[in-house]
1. Given the condition without any contact (Cβ under 8 Å) to a residue 60 or more places away in the chain and over 21 Å from Val115 (Cβ atoms), answer yes or no: does some residue in region 71-91 qualify?
2. Evaluate the following for Phe56: is it touching a residue at least 24 places away in the same chain (Cβ under 8 Å) and of a type in the set (Phe, Trp, Tyr)?
3. Of the numbered conditions (1) under 18 Å from the mean Cα position of the chain (by Cα); (2) more than 21 Å from Gln114 (Cα to Cα), Leu22 satisfies every one except a single condition; which is it?
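What follows is calculated from the coordinates using simple rules that are stated; it is not laboratory data. Note that the structure is a prediction, hence the values are computed from the model and not measured. Neighbour counts are summed over all protein chains in view; Cβ atoms, including those assigned to glycine, are modelled from backbone coordinates with ideal geometry.
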Amino acid sequence: MTENSGMAVAWTRRLTIVNLGLASLQPISAGFLLSGYDHAAMIHAAGAAALLAGAFSQAVTAIVSWLRRGVSGTVAALSVWLLALVVLEAWAGRHREYWLHVPVGVGLVVWLRQVSGRNALI
């Protein structure tokens, strides 16, 4: 493993952990939203925007790293898959399709927790 590939893996791991944190904050802000807190919708939307930006950053970083042989194709594919799921979840929430929004959101948190805890994958 070269120094550049080690840095690529480290950056991808950090971005995964950041995205896990952002995804974990979403159920908390959703709870405030359901409790009737006045500014909760704005906070939940800001969290979604941050998660979209984080997933996009991770996908771009992983693809560039994969093209430079820094990470495996599996890591790049999973990062793109994460971006697709976050976009789907944001779309479903924006269009009030909660039957899709909630399970995808829960799945994202669980999946990111699994991925961030595995050394073999990232």
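1. Taking every residue of region 71-91 in turn, at least one turns out to be without any contact (Cβ under 8 Å) to a residue 60 or more places away in the chain and over 21 Å from Val115 (Cβ atoms).
2. yes
3. (2)
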